[in-house]
Amino acid sequence: MKKYLCIPIAILTLALSACSLPRSPQTEDASDNMIVLDAGVWPRNEYTDGLPVPPGTVEWAMLDTQHENCSVGLVGVGESDYNTYMTLLLQGGFSIVESVSEEIEGEDYVSIAMILSDGERWLSISRIPDRLSVYISYRA
């Protein structure tokens, strides 16, 4: 059981560390293993196939071919939008593996992070006001 929890916990830790300071990977140099995808458009690929499209506007999206995952950052995501999206994921067969909320020191908000799985894919979703990050992986 520990083996199955190590990866999601590591993903959640990474997601939480990114919650307090939103940044756009487009401003960084993409390595040979990172493919920067079009902003403004929800990516259509093997990772996102069958997922409901989240609310908001895609600010950045990347494929990491080395680590086999897709990451998407969205802006314009309110609390009710987030709750509706989480409901869609749960209705679509995902279940919550872990949930963490963290008050960000010096800020007036709480960062929320969830790890979900449908048995094949793992999703790490983190939300701060107006922003949502979705990390999708088939590796468990």
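Mind giving me the nanometre distance, one decimal, between the label points for Ala39 and Gln91, set 7 Å out from Cα along Cα→Cβ?
Taking the two extended label points, one gets 3.2 nm.
What is the gain in length, in nm to one decimal, between Asp49 and Glu120 on full extension, counting 0.36 nm per residue of separation less the C-alpha to C-alpha distance?
Numbers: separation 71, 0.36 × 71 = 25.56 nm, distance 1.22 nm.
Going from the current span to full extension adds 24.3 nm.
So how far apart, in nm, are the two label points at Thr65 and Tyr138 if each is 7 Å from Cα heading toward Cβ?
For the pair Thr65/Tyr138, the computed spacing is 1.5 nm.
Filter the GluC sites (Glu not before Pro) in the range 37-114 to those in DSSP coil with at most 14 other Cβ atoms within 10 Å of their Cβ, and list the result. Please list the in-between numbers first.
Details: sites: Glu46, Glu59, Glu68, Glu79, Glu98, Glu102, Glu103, Glu105, Glu107; in loops: Glu46, Glu68, Glu105, Glu107.
Hits after loop and neighbour filter: Glu46, Glu68, Glu105, Glu107.
Amide H to amide H, which residues 5 or more places from Asn69 or on other chains are under 5 Å from it, using H placed in the peptide plane?
Under 5 Å from the amide H of Asn69: Asp64.
Each value in this text was obtained by applying a stated rule to the coordinates, not by laboratory testing. This one's a predicted model, so the numbers in the text were calculated from it and none came from an experiment. We place every Cβ from the backbone using ideal geometry, glycine too, and count neighbours over all the protein chains shown.
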